[in-house]
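Peer 1: Following this message is one structure expressed as structure tokens.
Laboratory data are not the source of any read-out in this text; all were calculated from the coordinates shown. Note that the structure is a prediction, hence the values are computed from the model and not measured.
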């Protein structure tokens with residue numbers, strides 16, 4: 001995976017969970033594809049999702 005992304009838009013509005021311990025933002029690429037960029041402070045979290053998610057740590 002590349003260390004930088006070119007020609008992307010980041011949606012300002014953050015999704016905030018667990019009292020601000022976990023946040024994420026949507027990143028949209030020039031080709032229309034989307035990814036999520038998130039930050040998690042140390043801790044144990046359990047999420048329910050509608051679709052499979054892959055987290056790179």
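Peer 1: Could you compute Rg(Cα) / (2.2 N^0.38 Å) for the chain, with N its residue count? Numbers along the way, then the final one.
Peer 2: Details: Rg = 12.7 Å, N = 57, 2.2 N^0.38 = 10.2 Å.
Here the answer is 1.24, to two decimals.
Peer 1: Enter the Cα centre distance for the pair the range 1-21 and the range 35-54, rounded to the nearest angstrom.
Peer 2: Result: 12 Å between the Cα centres.
Peer 1: Just subtract the alpha-carbon distance of residue 12 and residue 46 from 0.36 nm times their residue separation and send over the number in nm, one decimal.
Peer 2: Numbers: separation 34, 0.36 × 34 = 12.24 nm, distance 2.44 nm.
Contour length minus Cα-Cα distance gives 9.8 nm.
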